Each structure stands twice: as structure tokens, then as C-alpha cells.
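Below you'll find the structure, written out as C-alpha cells, and then a few comments.
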Amino acid sequence: MKSLMCLMREVLLDRGTWCRVSTSFDLKRIERRVEHEGLSFLTITLPSFGKDLEKGLDQGKVDRHLFAGFERTRQSGELPLFLGGFLGLVFDRATGRLLDEPLIDAIQAIRQITLMFAKINLECSVERTRSAINQFVQCEQDVREADANLSELRKEQFRRVGHLLWRDVLQQVDEDIYYERLIPKHGPGATADKLTGNRKYDQREWTLRLDSWFPFLEGFVAPNVGAHQEFDHVNILEPGEERPVKVITVPKTLKTPRVIAVEPTAMQYAQQAIAESLVSHLEGRTNPFRWIIGFSDQDPNRSMALRGSLTGELATLDLSEASDRVSNQLVRELTAPWPHVAGAIDAARSRKADVPGQGVVRLAKFASMGSALCFPVEAMVFATIVLCGIEDVLRRRLNRKLIHELAGRVRVYGDDIIVPVDFAQAAIIALEDFGLRVNKDKSFWTGRFRESCGKEYFAGEDVSIVRVREVLPAGQQDAPALISTVSLRNQLYKAGYWGTVGALDNFLEKLLTPRRGQPLYPVVAETSAVLGRISFLGYETQSYDPQLHSPLVKGYVVQSVIPENQLDGYGALLKFFLKRGDDPFQDREHLMRSGRPMAVSTKPRRARPF
């Protein structure tokens, strides 16, 4: 808590100096409220203040519904006293209306001060975690109700628009499945059956549903060895015996955790195969509408959000609980004309979830976060629904020519959606008709503020912030926090927070000084393996490699311990055949060690500064 307050003080001083605003009162108010309310003031209450600022920017004024819980006086007018110096450079004090030329630096300063701790990596309280789990279960009921209430007219429209959009892509995926061109792979994450690293290649659990599309003993998992005794003990599970996904929570904000589902190894393995084919065709040149959807590049969304904030022509929409509200029935409607796609996706979909405190629940949603198919399929569903909303406004059926006229004005990346402002309300109505929930607090279309894919803009200016991801380390042994703090320092340096950077440099120099030694905190390039500070002036050189004659610096380098996980026999053979590309494995010991690191540490040594 003390380290976070020190960081807050430096940011307040930094932004106050930059905007010529006194922040002494603001610091005292923060200290007083943190003393009484604890960490939640920094991580929950202050972010609510920042979100209210965004609402004020969007609606063009501050009213009494905004900034609740923060004192106002007659002198402060419509604006709260807290951060009043900054707010007065953005809104008129007497009326609360947005100034004709608000100070962009003041907007960015308020956002930085109030939102920087919103997504710090800390565990939620038991009550908030339980509430998130209950909401996950409630979503199931909501999805079922949405399916029951969806009109036949909407279903027919969804099928027609979906066929228009994705017929070329899904036909190619259908052929990939039919001609057995799919190449599966294991993901890097955890699995419901607790197989990690190389152990995944020796899996002996499969499902009857998967075996009908991806036969275990015919090359998809095991080599073509027929009834070889090596695989006699494979457990082919009937539908009622299938292993459910394991529902867990991971840190998101202290207000609510993120709920995800850990898939069984068999399901994840097949999902990766289908997803790779689907994404490659969606982003490939043969897809005439590849501009409407994205999976690997967020820059188009960000550029469109920037343009929307400047011209007011484009709206940015955000969905709440996006993955958990995509109905499996909708996915079936979308893929029905392509039997191999529909069958394979259904076979690779987990039907049940093991929910903490709730037991095993049958799923109405298509998939939660954790499924390899969740991201591409939900994006296709969202794009289809958005175009249904656009069709409602146009009052005529869409065709390929009309869709191409929307190029550069409609795009979907996950649950970040961009549409023309003229179609925003209709898109929201359509999304909610299909059971989805639009997050009105993070959707913008009336003012000049826009947000998409982690970047925020106002009137064509970038007002994005630097977020604090970890509590500052108490010692050098806290490697994850140390790595995060060095990254924080470098991000703040690029953003121009000179005072805060100076304070962090002093803190890190003390932390990275060995006993009776000099600080091991060199100036390095961003690409260096050494934990050091970046500079616009370049990197330093302390010595040279005697053989390669390349520059060297001494500093702390991150080391990770990969768990021992030996693999041989058919499992090793399978890993070789599933490798992408012609290059050899980078790690020569990949058959001896694999999986995510068990621990991360730092060690002083000489390395390149670039």
C-alpha cells in the first residue's frame, strides 16, 4: 500500500506540473480516503471516477449523476472538489458543460490518476469471486431465455446475413475437414485433466463425439498403427462420461475477477485444429470480407477509433460477458449449411462445466474464454448481428455490394466493435435481441471520446494511460513484480512522466544494487534481455565480447525454470509431425523439459544491451 501511494504522489506531482495545477489538496484527499477505505479506493472508487469522466466527455457535460461520492461546494459548481484543478480545464465550473477547447493533457492526467490501478494483479475478495461465479451460472439461464424469445424473423435474418458474409470461408473450412487437411496442436495453457507440457502428447483420453470426426487411431492423435498394443488402453468416453470444463477465476480488477473455463486436453487439441483453419481463411486473401474481422492485428480498430474521435462518424461498442452470452444455437444456425464444419465444431465443444460451489452445469453458451474456438466464432457471430442491425436501418436486404460499401467503417475484434454512428443504436438493439449485453459505460458514439482495443482517444488525440499491473516489489527476490516495475518505468518514460520515472529509477537502483557493489541498472534497448532503463539517446556499452566484438552490459537477466517433462516413443514422434515450419525446435531439450515455467528469477550477468 505504501509503495502504491508513493507512486500516486509522484504521478500527481508530475501531471500537476505539466498542467500547471496544484495537486496538494488531491493528494491529501486520497491519503485520507485510503486510510479509511483501504486499497479499494485506489482500485475501485477512483476507476469509477475515471469512467464518469469518460461519460461526461461522451455526453458533453457533467451532471449531478456523475462523480457520486465526491464532495461538491458552491464554489466548485457542477464539478467535484477532487481533481477540480484538472476538471476546470476540461469542463465549465458553473454549468458543467464541456469547454470548446478542453485541455487534452488534463483529460489524460485525470485518466492516468484515476485508472492506473484499476487492473492491478491482486486477488478479489471471496464475496466478489462468489458473485462472479453466480453471474456465470445466471448467464446460462439468460442464454436459454434469449434462445426461447428470439423470433423466427430474427433467426432467418441471422442465417441469411451469416451465409452472405461467411459462405466462402466456411466452404473452405468444410473442405479442409472433409479432406483431412487439419493439423491439430496443443495449446500452452492448463487443461481440465491437468496434463502439462510434453505429457499432452501422451494423452489417452478421447471422446466418442471427437472420434467420429477425428479418429484417435487413424493419425489425428496416434500414428496409423491400427490396433497396436501401444494404444489399446485409450479411454474413448461416451457423451455422458465426458470430462467437463473446469471453471476458474483469474485476476482482472479488484471489483470483479475474470471467469474462464479450462478445457480438457482432447477438446483443446481438436479446437486448435479447427481454429487454425478458420482464422487462416477469415484473414486470407480469398475472403472478400476479411476487412470486417480481425484476430492478430488491433491497429485497424485503433485507427478507426482515432478517426471516430476526430470526425464523430464512427462509434465504438463494447460487450459485457461477451463470450458467456454467445448461444450455441446461434453457432448452429450460422454453420448449418456446412455439415462438416457444424459437426466438427459441435464435436470439439464441451457441453458441461464444473462450476465451484454449483457442481456440473450443462452449457447453453457456445464456449467460455479458454476454448480455442471462442474468439474466432464469437467474432463471426458479433459481425453477423451488427450487419443485421445495419440492414434494419437500410430497410432493404443486404447484398455483397452494400457490404463492401461499409469497408473501413465496420470492424470486429473480439468484443470490440466499430460501426458508423448512424447505425450504432440499431446495432445495439440487434445485439440485445440476440441475448448479448452492450456495456453502455464503455460504448461511445455521441461525443468525441472513443475506446477500442486498449487505446483511448479524444478529438483525435491519444489519451491512453499507463497501467500498474503489479504491486511494487519489496525486494529483489520478487522477480515478477520487479520485471513489471521495470516495464512500468519504461512505459512511463515513453509517455513523458519524467518526475515519476526519476523516482522509479531511484527505487530500482537501490533494489538492483548487490551488496558492496554498484547498481546493475544499465541503459538498454527495448529488445535487450537485460532488465534496464530505456532512453531516447540509445543504449550504453560497458565492455565487448572478446570473440564477437559486440557490446556488453552487466545487469539482471530473467531466468525461468522449465519443468522436467520427458517425452519419447510415439508421443515424441507425434510432437515432431505436429511442428509448424521447417526450422528445427529452438529448444534442444524440448523432449526433456516443457510447459510453462515453474518459477521466474533474475541473475546478474553480462549480456547484449540490444
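Throughout, read-outs are computed from the coordinates displayed, never taken from laboratory work. None of these values were measured; they are calculated from a predicted model. Neighbour counts are summed over all protein chains in view; Cβ atoms, including those assigned to glycine, are modelled from backbone coordinates with ideal geometry.
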Give a residue-ordered list of calculated ³J(HN,Hα) values for the range 331-343 (Karplus: 6.51 cos²θ - 1.76 cosθ + 1.60, θ = phi - 60°; whole Hz; x for Gly, Pro). 5, 5, 4, 5, 9, 3, x, 10, x, 6, 5, 4, x
Short to long, in 10 Å steps from zero, the percent of alpha-carbon pairs of the range 338-448 per bin is 12, 36, 31, 17, 4, 0
Which percent, nearest 5, of DSSP beta bridges in the chain are antiparallel? 85 percent
The answer for LEU552, listing residues at least 5 apart or on another chain whose modeled amide H is closer than 5 Å to its amide H, is GLN542, SER543, TYR544, ASP545
Largest first and in whole Å, give the semi-axes of the range 97-189's equivalent ellipsoid, each being the square root of 5 times a Cα gyration tensor eigenvalue. 41, 25, 23
Could you derive backbone 3J(HN,Hα) for the range 412-425 from the dihedral phi with the Karplus parameters 6.51, -1.76 and 1.60 (θ = phi - 60°), listing whole Hz in sequence and x where the residue is Gly or Pro? 10, 10, x, 9, 8, 10, 10, 9, x, 4, 4, 10, 4, 4
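Jot down the per residue volume, in cubic angstrom and as a whole number, of the convex hull over the alpha-carbon atoms of the range 505-607. Walk me through the intermediate numbers first.
Working: hull volume 17.4 nm³, N = 103.
Here the figure is 169 Å³ per residue.
HIS340: net charge of surrounding residues, Cβ under 9 Å, Lys/Arg +1, Asp/Glu -1, itself excluded?
Numbers: positive: none; negative: ASP174, GLU175, ASP176.
Result for the local shell: -3.
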Rounded to the nearest 5, the percent of DSSP beta bridges in the range 151-295 running antiparallel is 60 percent
Separation of the SER131 and ARG93 label points, Cα + 7 Å toward Cβ, nm: 3.6 nm
The computed P(r) of the range 128-458 puts the percent of Cα pairs beyond 34 Å at 25 percent
Counting alpha carbon pairs within less than 8 Å and at least 6 residues apart, what relative contact order, in whole percent, applies to the chain? 16 percent
Search the structure for amide H atoms under 5 Å from the amide H of GLN559, placed 1.01 Å from N in the peptide plane, and list their residues when 5 or more places away or on another chain. SER601, THR602, LYS603
Residue by residue through the range 245-262, what is 3J(HN,Hα) from phi via Karplus (6.51 cos²θ - 1.76 cosθ + 1.60, θ = phi - 60°)? Round to whole Hz and write x for glycine and proline. 5, 9, 7, 9, 10, 10, x, 10, 9, 6, 6, 7, x, 8, 9, 10, 10, 8
Cβ-Cβ cut-off under 12 Å around ASP324, Lys and Arg +1, Asp and Glu -1: the net charge is -1
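Take the Cβ-Cβ distance between VAL361 and GLN547 as r, set R0 to 45 Å, and report the resulting FRET efficiency rounded to the nearest 0.05. Could the numbers behind the result be given before it?
Working: r = 61 Å, r/R0 = 1.36.
With R0 = 45 Å, the Cβ-Cβ based efficiency is 0.15.
Would you calculate, for the chain, the mean residue ellipticity at 222 nm contributed by helices, counting each DSSP H stretch of 4 or more residues as -39,500 (n - 2.57) and dividing by all residues, to the nearest 500? Please list the in-between numbers first.
On the way: 18 runs with 244 residues, N = 610.
When only DSSP H runs of four or more count, the value is -13000 deg cm²/dmol.
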Taking amide H positions as placed 1.01 Å from N in the peptide plane, with prolines and chain starts having none, which residues 5 or more places from GLU205, or on another chain, fall under 5 Å of its amide H? ASN235
If you average the C-alpha positions of the range 136-190 and of the range 87-121 separately, how far apart do those two centres end up, in angstrom? 41 Å
Give me the one-decimal Kirkwood hydrodynamic radius in Å for the chain, with the sum taken over alpha-carbon pairs. 27.1 Å
Mind checking the full-extension length gain between GLN477 and ARG159? Use 0.36 nm per residue of separation minus the Cα-Cα distance, one decimal, nm. 108.9 nm
Overall Cα dimensions of the range 456-559 - principal axes, largest extent first, Å: 54, 32, 25
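What translational D, rounded to a whole number of µm²/s, comes out for the range 266-384 from Stokes-Einstein when the hydrodynamic radius is the Kirkwood one over Cα pairs, at 25 °C and 0.890 mPa s?
On the way: Rh = 16.0 Å.
Approximately 154 µm²/s, per Stokes-Einstein.
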